[in-house]
Structures are given as structure tokens and as C-alpha cells.
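Have a look at the structure below before the remarks.
The values are calculated or read from the model by the stated rules, or taken from the named source; none is laboratory data. Note that the structure is predicted; figures quoted are calculated from it, not measured. Don't worry about glycine lacking a Cβ; one is built from the backbone with ideal geometry, like all the others, and counts go over all protein chains shown. Side chains included, ligands, DNA and RNA excluded: accessible areas come from the protein's heavy atoms. Shrake-Rupley method; radii C 1.70, N 1.55, O 1.52, S 1.80 Å.
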Amino acid sequence: MAGASLLALLDDIATLLDDVAAMTKVAARKTAGVLGDDLALNAEQVSGVRAERELPVVWAVAKGSLKNKAILVPGALAISYFIPWLIMPLLMLGGLFLCFEGVEKLAHKYLHEDEETEKAALKAAFHDQQVDLVAFEEQKIKGAIRTDFILSAEIIVITLGTVAGASLVTQFSVLVGIALLITIGVYGLVAGIVKLDDLGLYLTQQSSAFKKAVGEKILVAAPWLMKTLAVVGTAAMFMVGGGILSHGIAVVHHAIEAAGTYAAGIEGIGSVLSFLVPTLLEALFGIAAGAVAVTLVTLGSKLFKREAAH
């Protein structure tokens, strides 16, 4: 009997681990868009500090990120247990926020004057001896942790939506697993990215012609990598955010599903189009939703300022 009970327990544990692994994989795939944006934003946030302080700053932000998730995971579990009906509205809000942020980033990209002013201020702060670089560094860390909190909240909510029907133990395991994976993955990559230029510079100073050539290529590639991450992250925000919103609105979901089914029937390229068409339509829906949200927020902000002035 004892042997049978032990085998039954081991079987239950194996089933639980299998469920956790499967759900973690699904959650990781669904949060990929936020992860790309998280990576790009954090790499950008910690740039601009002194080279010897880059890794300590990344580590400080990573610790702040873990604290954020230590607050968010129990909060998500409490929502799932006491008010589970709130998961879908939160998921929809998270999707809309992703689309809003994506459109806002696109709009900001074309405000060259603001971007140049920002860069000039950063350069001046770095070279001005009167500026307290410790305070400047702390400000960068706090800003990065605030950004991380918003993006981590989105990831946790999306993950919670994936595991909403599972047991509390499975939900806890998946949420903790995702929280640790994204923190280690994102900040490990951020640390590598911010030190790429140092690696390139080091290689260019070596005697080997091959190492010098590799170093030069790394120095050329590093800025392009940051730009590519930003573009991919923004595109993924629309795909993930638009996907969440479209799945929550039955009419839109069925229309996109029907378009995918029609595309799948096209001879020769149907199998490719069956994936591309729904993904593209979800992204376009995300852009449209984000544009509406940005417009409403901008108009609301202007009206509030006008009323405050009176």
C-alpha cells in the first residue's frame, strides 16, 4: 500500500510538472512581445552611465525587478482566487496598454527635436563636473525599475490569463517560473548588450588581425542591434496587444479567424498565409486600437489642462 501511494504521489507530481512546463511554454510565447520591448527599453534605460558602472546599474535594476515581481505574483494569485472575473478585463487593459505604448513610441520617434534635446541633455550631464553622477545614476535606476514594473505587470497578467483555469499550485509555479525566467533572461541579455561596445573596443586593441576585424564589426553592429531590438519590440507589442484585444472581442476574433481560414485555402501558399494573415490583422487591429487610445488620452490631457488653467 505504501509503495502504491508513493507511486501515485510521484505520478501526481510528474503530471503537475508536465502541466507547469506546458503552461510556462505557452505563457512565454504569449509574453514574447512584452519581453522584446522589456529588453529594448531596459537596455536603453541603463545606457548613458559610465562604462565601469554599467554592470552594477544592470544588477541594481535586476534586483528592483525581482522586488517588483515579488509584489505582482502574490497580487495576481489573490485576484485569481478571490475575483477571477477580473482577469479578462485586466488582460484586455494590458493588451490595450501595449498598443497604446506602441503607437506612442512611433509618434515619439518622429519628434526629432525632443529626441535630440534628450540626447544633448544626457551628454551635458555626463561631461559637466558640477553634476552629481551618483544622483544621476540613481535616477536612471529608479526610472528603469518603474518601467520594469509596468512591463512586468503586463507579463504577469498575460501569464495569469494563460493559467486561469489551472489549480492554485500550478498557477503559482508558472507565475514564479515566468518571473524568474524573464528576469534572468532579460537582464542577462541587457548586461551583454551594454557591454558589446567594450568587447568590440577590447578586440580592436589586440595584435591579431582577425580579432581586430571582429572587434570593428561588433562596434559597427552594436548600435544597429539596439535599433533592431526597438523595432522588433514595437512590432511585437502590436501583435501581442492586438491578439489579446481581438480574442476578447468576439466579432473581431471571428472575422480574423474567417480571414485566416480563407487564406489557408489558397493553393500553394495557404499554409504560410494561414499564419501570416491572422498575425498581420491582429497587429493592424492593435495599431488602430492604440491610435484611438493615444488620441483619447491626448485630447483628455489637453481638456484637463485647459480646465485647470481656468
Residue-by-residue Karplus 3J(HN,Hα) for segment 160-173, coefficients 6.51, -1.76, 1.60, Hz, glycine and proline x: 4, x, 6, 10, 4, x, 7, 5, 4, 5, 5, 4, 4, 4
Bin by bin, in steps of 5 Å, what percent of the Cα pairs in segment 154-261 do you find, going until the bin that has the longest distance? 2, 10, 11, 13, 13, 12, 11, 9, 7, 6, 4, 2, 0
Which percent of Cα-Cα pairs in segment 147-215 sits in each 5 Å bin, short to long? 3, 15, 16, 14, 10, 8, 7, 7, 8, 6, 4, 1, 0
Please compute P(r) over all alpha-carbon pairs of segment 242-296, binned at 5 Å starting from zero, and give each bin as a whole-number percent. 4, 23, 25, 21, 14, 8, 4, 2, 0
Can you grab the distance from the C-alpha centre of segment 171-232 to the C-alpha centre of segment 261-291, Å, no decimals? 32 Å
Subtracting the Cα-Cα distance from 0.36 nm times the residue separation, let me have the gained length for residue 217 to residue 63 in nm, one decimal. 52.2 nm
Length gained if residue 266 through residue 146 is fully extended, taking 0.36 nm per residue and subtracting the Cα-Cα distance, is 38.5 nm
How much of residue 145 can a 1.4 Å solvent probe reach, expressed as accessible area in Å² and rounded to 10? 40 Å²
Please turn the phi angles of segment 95-108 into ³J(HN,Hα) values with the Karplus equation 6.51 cos²θ - 1.76 cosθ + 1.60 (θ = phi - 60°), one per residue in order, whole Hz, x for glycine and proline. x, 5, 5, 4, 5, 4, 5, x, 5, 4, 5, 5, 5, 5
Set the Förster distance to 22 Å, then compute FRET efficiency between residue 231 and residue 276 from the Cβ-Cβ distance, nearest 0.05. 0.75
Integer Hz, Karplus 6.51/-1.76/1.60 couplings in order for segment 210-217, x for Gly and Pro: 5, 4, 4, 5, 5, x, 4, 5
Keeping every protein chain present and rolling a 1.4 Å probe, give me the accessible area per residue for segment 128-280 in Å². 54 Å²
